[in-house]
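**Q** Before we start, here is the structure in question, set down as structure tokens.
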Amino acid sequence: MSEKTKTKKPFQVPHTFVIILGIVFVASVLTWILPAGQFARVENAQGMKVVVPDQFSFIAKTPVNPLLIPNYIIDGFSSSAKLIFMTMMSGGAFNVLVETGALHVLIGKVVKKFGNKEAIFIPLLLLVFAAIATTQSVTVFIGFTPVIIMMTRAMGFDSITGAALPLLGGAIGFSTGTLNTSTTIVAQKIAELPLYSGIEYRFVCLFVFWVFTSLALIRYARKVKANPASSPMYDLDKLRADADDMDTSDDTAFTTRSLLVLLTLIISLVVLVWGCVTRGWDLPEISVIFIWLGVIAGALAGFGPSTIARHFAAGCQKLTVSALILGLARATSGVLSAANILDTLVYGCTIVLNAFPPALRGMCMYWVNFIINTLVTSGSGQAAVVMPIFTPVADMVGITRQTAILAFNFGDGFCNYILPMSTALMGNLSVADIPYDRWMRFMWKITVLWLAVGSGLVFIAQMIHLGPM
């Protein structure tokens, strides 16, 4: 009996590399199964290339040989180079900051004030990040994430709680599309709607998502605080405790040097947000900010050049594997684009949409956009692909164009926080040092919540004929 009985090994989630490579392989297999197709594209009045909804045609297949997957991976690294370097520079800068000890003092003060007030701390930070993300990509928050994680862990929570604050807050601000120029404005131009029209209802949506997300995250944080072993990151956080956590029981005072270091951090982050909002800065400029942050903070702490360089290099090294994930994530879209099946998949989604009852088509449009975003993760790119199709579809099935844009915003944004191809997600998880599978143990419940809340809000928009048009 004992000889026949074998102890089963517990299932282990594959390494993130394996998960992403599996997705890329499946995409390459699909290129042999699905027919290639394309919509005709024209340049609209705004100078953007958009599809012509009623001009779809099948074309000759151009399947991708699975043996060529490494080629697309290298292409993914090339196209993600700026993001990869920015991630590594942020790791270097924050490692210098940690070594100065200034963050330890700051976090000790924050924990003393808010240690048992998560019902205030969590919603407030979520709202701050949501407000910033109404005009910015969530990749801007990569620089904030390590500090927030140090705070939440010192307060008795876990790394996921810390990473969730900028990620979920940013998701709410970006995905509700209140002021976003790269999604809402592009979509409204294509749909020929007044720019920023419908903004009042989108702000209502932002508030509703903020309330539900705050309640869910507070509940999760309290559960982890009461039972740390319930956290998906319990074992990893425990291993890192000796190196990363700090004793906040004392009342260490700020020194002049620590105040100057923290002032440098604050100024750097303010300049970063200001530059992105008002000057159109992108990843290269953000990387430069992080380099200067590490150098100046180290100098103000009294470090010599070699000490700064050593700490900076150590921080970059910690994120090397995580940075590689960002390059791998780009390979999927490269495979689908090369095989010309992206348009085929979008075309198929519209056929499915028309099969549902009229009362459910608004919600279905949200779900279809959610699926399409797994293929086209660029907000403006997705708008250019789907809105020329969904605009006439909305007119034909009795959905207002404003409701169609709301469904597009929700589908484009909220899906990004479960996709291993999403640079917004993987960039923040990289600096947080949270494996993708651990994040998903937490995030799938939030995603279900967002799908339910978003479906309800889109349904209401359809019922009240959200306008204009």
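**Q** Hey, can you grab everything whose amide H is under 5 Å from the amide H of residue 61? Only 5+ residues off in sequence or another chain; H modelled, so Pro and N-termini drop out.
**A** 36
**Q** How much length is gained if the chain between residue 207 and residue 291 is pulled fully straight, taking 0.36 nm per residue apart and subtracting their Cα-Cα distance, in nm to one decimal?
**A** 26.6 nm
**Q** Next question. State the answer as a single residue: which of 79, 383, 27 lies farthest towards the positive end of the charge dipole of the chain, with beta carbon charges of +1 for Lys and Arg and -1 for Asp and Glu, about the Cα centre.
**A** So the residue we want is 27.
**Q** Over the chain, what is the mean sequence separation of C-alpha contacts under 8 Å (at least six apart), divided by residue count, expressed as relative contact order in percent?
**A** Contact order relative to length: 27 percent.
**Q** If you don't mind, there's one more thing I want to ask. Using only DSSP helix segments of four residues or longer, with each worth -39500 (n - 2.57), what per-residue ellipticity at 222 nm results for the chain after dividing by its residue count and rounding to 500?
**A** -22000 deg cm²/dmol
**Q** Moving to a separate point now. Which residue, 347, 18, 226, has the largest displacement toward the positive end of the dipole of the chain when charges sit on each Cβ (Lys, Arg +1; Asp, Glu -1)?
**A** 226
**Q** In nm, give the distance between the simple-model label positions of residue 60 and residue 120, each being 7 Å from the Cα along the Cα-to-Cβ direction.
**A** Here the modelled spin labels are 6.9 nm apart.
**Q** So if R0 is 45 Å, what FRET efficiency would residue 274 and residue 437 give, r being the distance between their Cβ atoms, rounded to the nearest 0.05?
**A** Approximately 0.80, to the nearest 0.05.
**Q** Relative to the longest principal axis of the C-alpha atoms of the chain, give the angle of the C-alpha long axis of helix 145-154, reported between 0 and 90° and rounded to the nearest 10°.
**A** The answer is roughly 60 degrees.
**Q** Further, regarding this structure: Which of the listed residues, 312, 403, 368, is farthest toward the dipole's positive end in the chain, when Lys, Arg count +1 and Asp, Glu count -1 at the beta-carbon?
**A** Most positive-ward Cα: 368.
**Q** While we're looking at this one, here's another question. On a 0 to 90 degree scale, rounded to 10, what angle separates helix 16-33 from the longest Cα axis of the chain?
**A** Tilt of helix 16-33: around 10 degrees.
**Q** Roughly what would the spin-label model give for residue 42 and residue 355, points 7 Å off Cα along C-beta, in nm?
**A** Result: 3.1 nm between the two label points.
**Q** Calculate, in nm to one decimal, what residue 307 and residue 52 gain on full extension: separation in residues at 0.36 nm each, minus their alpha carbon distance.
**A** Once the chain is fully extended between residue 307 and residue 52, it gains 86.0 nm.
**Q** Let me ask something else. Computing the accessible area with a 1.4 Å probe over protein heavy atoms, can you report the carbon and sulfur percentage for the chain?
**A** 66 percent
**Q** Once you put a point 7 Å from the Cα of residue 452 and another 7 Å from the Cα of residue 227, both along the Cβ direction, what distance in nm separates them?
**A** Here the modelled spin labels are 2.0 nm apart.
**Q** Okay, next question. Based on the Cβ-Cβ distance of residue 395 and residue 314, what FRET efficiency does E = 1/(1 + (r/R0)^6) give at R0 = 41 Å, to the nearest 0.05?
**A** Result of the calculation: an efficiency of 0.10.
The values are calculated or read from the model by the stated rules, or taken from the named source; none is laboratory data. Just so it is clear, the model here is predicted, and its values are computed rather than measured. No Cβ is skipped: glycine too gets one built from the backbone with ideal geometry, and neighbour counts run over all protein chains shown. Protein only, heavy atoms only, side chains kept; ligands, DNA and RNA dropped before computing areas. Shrake-Rupley method; radii C 1.70, N 1.55, O 1.52, S 1.80 Å.
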